[in-house]
Amino acid sequence: SGPLKRYAASFTNPKNKPLLGILIFDEGVSQGGMDSAALASIPFPVTIAIDPEREGASSVAATYHAAGAEVAMLVGDLPDGSTASDVEVAYQSFTAALPNSVALVGRPGSGMVRGGLAAEHVAALLAADGRGLITYDAGLNDGRRAAQKVGLPNAVIEKVLGPSEDNDGTV
């Protein structure tokens, strides 16, 4: 009964049609993104990823949660040389800011969940908390493999859409 089960967006699929998940990165108006009220009014279930270190992250997440959307933690890289303890401290600050988050997703190109011991440690933390992991369809996807190893619910982003036409993962 972790956050993934408690705060997942509800939806029905009576005709059992194929599912498509939509993940929106909310960078905030100051970074050229949309207003949170506009995003909250999307008329179908979505997951909105928010940087937990962003000013007002908790308030924005509450707006989305109240509107029925799911919230994910959008995280970047930790500094080079970060230890397992650093990963845990960062993770605890992320979940404190976004307690209703259902999953963690790295920013495009970030290495936090891409591989190695950090990915394994993040997967273990998420599994213990009852959250999920969202990774990118690229390379060996060590983050997803780490998630599967500990039985962590996970999803893969197959296509990143953004303002650039080449869709190279930058938004």
(request) List the lysines whose Cα lies under 21 Å from the Cα of K159, skipping any in the same chain that are fewer than 8 positions away. (result) K17
(request) Heavy atoms only, probe 1.4 Å: what % of the accessible area of the chain goes to carbon and sulfur, would you let me know? (result) 53
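Could you give the accessible area per residue of region 1-159, probe 1.4 Å, as a whole number in Å²?
It amounts to 55 Å² per residue over region 1-159.
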(message) Can you return the aspartates and glutamates within cross-link range of K5? Criterion is Cα-Cα under 16 Å, with same-chain partners fewer than 8 residues away left out.
(response) E70, D129
(request) For every other residue with a beta carbon closer than 13 angstrom to the beta carbon of N100, add +1 if it is Lys or Arg and -1 if Asp or Glu, then tell me the sum. (result) +1
(message) Could you report the accessible area of R107 in Å², rounded to 10, computed with a 1.4 Å probe on the protein chains as they sit in the structure?
(response) 60
(request) Using amide H atoms built 1.01 Å from N in the peptide plane, name the residues 5+ places from F25, or on other chains, whose amide H lies under 5 Å from its own. (result) A49
(request) Add +1 for every Lys or Arg and -1 for every Asp or Glu among the other residues with Cβ under 13 Å from the Cβ of Q148, and state the total. (result) +1
(request) Taking amide H positions as placed in the peptide plane 1.01 Å from N, state which residues far from L104 in sequence (5 or more) or on other chains have amide H under 5 Å from it. (result) M73, G132, L133, I134
(request) Run through all the Cα pairs of the chain and give the fraction in each 5 Å bin from 0, expressed as whole percent. (result) 1, 8, 18, 22, 22, 16, 9, 3, 0, 0
(message) How big is the dipole moment of region 9-153 about its Cα centre under a simple scheme where the beta carbon of each Lys and Arg is +1, that of each Asp and Glu is -1, and everything else is neutral? Debye, nearest 20, please.
(response) 680
(message) Based on alpha-carbon atoms only, what is the radius of gyration of region 69-137 relative to the globular estimate 2.2 N^0.38 Å?
(response) 1.00
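The values are calculated or read from the model by the stated rules, or taken from the named source; none is laboratory data. All figures in this text were calculated on a predicted structure; none of them were measured in a lab. So basically every Cβ, Gly included, is an ideal-geometry build from the backbone, and we count neighbours across all protein chains shown. SASA here: full protein model, heavy atoms, side chains in, ligands and nucleic acids out. Shrake-Rupley method; radii C 1.70, N 1.55, O 1.52, S 1.80 Å.
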